[in-house]
Amino acid sequence: MTSDNDNRIRIFDTTLRDGEQAPGCSMTLREKLRVAKSLAELNVDIIEAGFPAASPGDFDAVKAIADENLGPTICGLARCNPDDIEKVHAAVKGADRHRIHVFVATSAIHREYKLKMAKEEIIKSAVGAIRMARELVSDVEFSPEDASRTELGYLAEVVSAAIEAGATTINIPDTVGYTVPAEFDKLFRYLKDHVENIDDVVLSVHCHNDLGMAVANSLAAVSAGARQIECTINGIGERAGNCSLEEVVMAVKTREEFFELTTGIDSRRLYPASRLVSSITGMHVPRNKAIVGENAFAHEAGIHQHGMLQHASTYEIMQPADVGLSRSNLVLGKHSGRHAFRDRVRELGFDLDEFETNRAFKEFKKLADLKKDVFDGDIEAIIMNVDGTSAGPWHMKSLTVNTATGQAAETEIVLVGEDGKEARRKATGDGPIAAAFQAIEDITGVALTLKNFELHSASIGEDAQGEVTVSVEHDGESYRGRGTSVDIVEAGSQACLEVSNRVLRRRARGPAPAKSAVDRATI
Ligand code: KIV
Ligand code: ZN
């Protein structure tokens, strides 16, 4: 089915499964749908939309994404048991193209300490699961978890049995980010040489970034014959994250003459997808991050600038526009019309529908009244919120702040409830944000423990909008909220109100099922 002759690499995006699994990265159902749409615009081949058996929320999110039938194959993860497999099938079958991904750990460490299963039992369980999945769907992926720390001979045995049982993709995970490129190259070549039926399947690679080598290891696997790369936007994922989609895709594209391979990714969608995921998860992209970091195309040193002026290729191996970075020095202002706004949104790589455009344009007009120049960063911040903070039950009506050096800050908040009634509270605190949080807590009755507060500037100048992301705990669960405003106290208060509303909506839905940290996805 595949061999080294097949020069097209399939991009399997697991932002919504392995990425979302990372602490602080959980997403609501609406957010997951937004990310899934952005992945479809990127033209990824497969979207791993979640782990349906993990919680009812995960199931609903995978199903909602599959039912949208966005184009890419929709995949769900399952352990080797009938219940997990049936749940994935029920969740993904709404998509024209769907896949069941089953996994079981194979390394000695996992066999002994986690599974307490013998080698033969593991093969039996994998074979049984793959056969069952194949009765339900024609597209089945199998992963021997912790493959990179599994004895090579045994790994070949497992893989061979999995192919015989009907797996159509064999994924080799470096689950703990332990391997190095030369070793991973050997592993893939070993499988190619020792598994007779290996060319009947697509060979895939799945790397974690614990030693910072996830992209390098994935590329080594590709050079040794892998034709599917599993990755996430911005490299989000467990611990140090997964292979970063934008980096691995641009490596293959930029060094095409070396790899002689292609992907189907529309690279101009990389920056908007990155911006969306960082805004939704609150995981900010470092300025110097390859491909999508703010400095990725900035040239500071005089000698570099001089070279760039002579010819961009002296210091630039990719064009900013190749990755969708079409930022310009153009500014919009309060006299800019709907057309100019919509054109700029499109140039920035975002695809808003009519409803979203109207909402974003309204926000743009409000902002343009507050600040003279509206930059690309401001417009992006508006777009990120177009779907955001409107869900109640509480909405902010007004905020008044009083601060003076050496005195406690005082904040008065007026919120409007679902019944249209206003609630007003004044509170004091060490600073205006602490006071605002207290006032919101007094009105909503939701006690929050603040774990993290991050403030970023969306554009340039003293009047730039501040984007605030807060992580809080309530009843042992973590929640995240965000807010954007030219007034940073207001942005912080919006973020606090968003999490309070999430807690209240969760409460209204009744008690959460036992193991459901991920159940926030449905809120
Ligand atoms: O890292 C890993 O091993 C995984 C598997 C479930 C593919 O995420
Ligand atoms: Zn993983």
Original post:
Based on the mean of other beta carbon atoms within 10 Å per residue, what is the order of 132-144, 197-209, 285-297, most packed first?
Top reply: 197-209, 132-144, 285-297
Original post:
Can you give the FRET efficiency for ASN69 and ASN402, using 1/(1 + (r/R0)^6), R0 = 56 Å, r = Cβ-Cβ distance, to the nearest 0.05?
Top reply: 0.55
Subject >> Whole-Hz ³J(HN,Hα) from phi, Karplus 6.51 cos²θ - 1.76 cosθ + 1.60, for segment 426-433, glycine and proline x >> reply: 10, 9, 10, x, 4, x, x, 6
Subject >> Listed pairs LYS93/LYS116; LYS253/LYS365; LYS37/LYS87; LYS119/LYS186; LYS334/LYS397 exceeding 28 Å between Cα atoms >> reply: LYS93/LYS116; LYS253/LYS365
Subject >> At R0 = 41 Å, FRET efficiency that the Cβ-Cβ distance of ASP199 and SER457 yields, to 0.05 >> reply: 0.20
**OP:** State the Cα centre-to-centre distance between segment 217-258 and segment 268-326 in whole Å.
**Re:** 18
Original post:
Which percent of the accessible heavy-atom area of segment 395-509 goes to carbon and sulfur, probe 1.4 angstrom?
Top reply: 44
Original post:
What 222 nm value per residue comes from the helices of the chain, counting each DSSP H run with n ≥ 4 as -39,500 (n - 2.57) and dividing by all residues, nearest 500 deg cm²/dmol?
Top reply: -12000 deg cm²/dmol
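Evaluate the relative contact order of segment 395-509 (contact order divided by residue number), counting alpha-carbon pairs under 8 angstrom at least 6 apart; express in whole percent.
18
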Original post:
Of the peptides 226-232, 62-68, how do they stack up when ordered by the mean number of other Cβ atoms within 10 Å, highest first?
Top reply: 226-232, 62-68
Original post:
Whose amide H sits under 5 Å from the amide H of GLY431, counting only residues 5 or more places off or on another chain, with H placed in the peptide plane?
Top reply: ALA409
**OP:** Return one whole number: the accessible area per residue of the chain in Å², for a 1.4 Å probe.
**Re:** 43
**OP:** With a point put 7 Å past each Cα toward its Cβ, work out how far ASN81 is from LYS114 in nm, to one decimal.
**Re:** 1.5
**OP:** Please state, as a whole number in µm²/s, the translational diffusion coefficient that the Stokes-Einstein equation yields for the chain at 4 °C and 1.567 mPa s, with Rh defined as the Kirkwood radius across alpha carbon pairs.
**Re:** 53
Original post:
What length, rounded to one decimal in nm, is gained on full extension from ILE317 through to LYS334, with 0.36 nm per residue of separation minus their alpha-carbon distance?
Top reply: 2.4 nm
**OP:** Restrict the search to segment 75-124; then list the trypsin sites (Lys or Arg not before Pro) that DSSP places in a loop and that have at most 10 other Cβ atoms within 10 Å of their Cβ.
**Re:** LYS116
Subject >> Whole-percent carbon and sulfur share, accessible surface of segment 63-137, 1.4 Å >> reply: 51
Original post:
Ordered by packing density, taken as the mean number of other Cβ atoms within 10 Å over each peptide's residues, highest first, how do 365-377, 435-447 rank?
Top reply: 435-447, 365-377
Subject >> aspartates and glutamates whose Cα lies under 13 Å from that of LYS114, excluding same-chain neighbours fewer than 8 positions away >> reply: GLU145, ASP146
Original post:
By how many nm would the segment from GLU164 to ASN43 lengthen if fully extended, with 0.36 nm per residue of separation less the alpha-carbon distance?
Top reply: 40.5 nm
Original post:
If R0 is 35 Å, what FRET efficiency do you get for ARG134 and ASP475 from their C-beta distance, rounded to 0.05?
Top reply: 0.25
Original post:
Which value in nm describes the separation of the simple spin-label points at VAL180 and THR428, placed 7 Å from the Cα toward the beta carbon?
Top reply: 6.1
**OP:** Provide, in order from the shortest bin, the percent of all Cα-Cα pairs of segment 8-281 in each 10 Å bin, continuing until the bin that contains the maximum pair distance.
**Re:** 7, 32, 39, 19, 2
Subject >> Stretchable slack from ALA90 to VAL414, in nm (0.36 nm times residue separation minus alpha-carbon distance) >> reply: 112.1 nm
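The values are calculated or read from the model by the stated rules, or taken from the named source; none is laboratory data. Keep in mind that what you see is a predicted model, and the values were worked out from it rather than measured. Here the Cβ is made from the backbone with ideal geometry for all residues, glycine too, and neighbour counts use every protein chain on show. Each accessible area value is taken on the protein alone, full model and side chains, heavy atoms only, with ligands, DNA and RNA left out. Shrake-Rupley method; radii C 1.70, N 1.55, O 1.52, S 1.80 Å.
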